[in-house]
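The values are calculated or read from the model by the stated rules, or taken from the named source; none is laboratory data. Everything quoted here is computed from the prediction, not taken from an experiment. Cβ: placed from backbone, ideal geometry, glycine included. Neighbour counts: every protein chain shown. Heads up: the accessible areas ignore ligands, DNA and RNA and are worked out on the full protein's heavy atoms, side chains in. Shrake-Rupley method; radii C 1.70, N 1.55, O 1.52, S 1.80 Å.
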Amino acid sequence: MVRQGRSQTFLWELAVAILFFALAAAVTLQLFAEGSCQSEENSARNGAMLAAVSAAEKIAGADSPELSVLGGSLQADGSIRVFYDESWQPAGSDGVFQMTITASEEPTDAGVFVSYEICLERAEGETLYSLSTARYFPGEVQP
């Protein structure tokens with residue numbers, strides 16, 4: 001009879017140990033899954049930042065305020081929209097990410113001052129990164 005009590009206690013201890021390790025494994029798996037999701041989100045944000053900076057550099061090197069140097073499609077409101085795939089390569093007319101660039105011109109006596117707003121979003125509309133930049137394009141000086 002004493003022998004049965006010992007084996008029953010051992011089984012209870014074994015069940016508690018298995019339960020503890022199962023809970024620890026479940027928590028660990030949740031942490032790894034959350035880390036993976038955060039890694040994907042950070043990767044998307046880094047890609048958006050690089051695409052926005054690249055577009056700003058193209059604007060900085062442009063000879064005119066035209067947005068055609070950036071490629072993409074012209075929208076009805078005058079903005080340019082460029083689509084990107086998962087690896088941040090330009091895609092045709094649809095993609096996972098989209099960059100919208102709007103420009104507002106402010107004429108001056110000696111040229112034009114253009115402010116650009118570069119916004120990168122997921123296809124669903126969630127904004128990943130936005131960047132504002134401006135450039136002055138000198139015109140012909142009238143005596």
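For the range 62-96, the tally of residues that are modelled with pLDDT of 80 or more, in contact with a helix residue (DSSP H, G or I) (Cβ under 6 Å, 6 or more places away or on another chain) and at negative phi stands at 2.
Let's see how each residue does on (1) closer than 30 Å to Pro90 by Cβ; (2) in contact with a Ser or Thr (Cβ under 9 Å, 6 or more places away or on another chain); (3) open to solvent by less than 80 Å² (accessible area, probe 1.4 Å); (4) assigned to a helix (DSSP H, G or I):
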site	(1), (2), (3), (4)
Trp12	no, no, no, yes
Ala17	no, no, yes, yes
Phe21	no, no, no, yes
Leu31	no, no, no, yes
Ser39	yes, no, yes, yes
Gly47	yes, yes, yes, yes
Ser54	yes, no, yes, yes
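In the range 59-143, counting only strands (runs of 3 or more DSSP E) that sit wholly within it, the ones holding 1 or more residues that are open to solvent by 50 Å² or more (accessible area, probe 1.4 Å) and touching a residue at least 60 places away in the same chain (Cβ under 8 Å) span 127-138.
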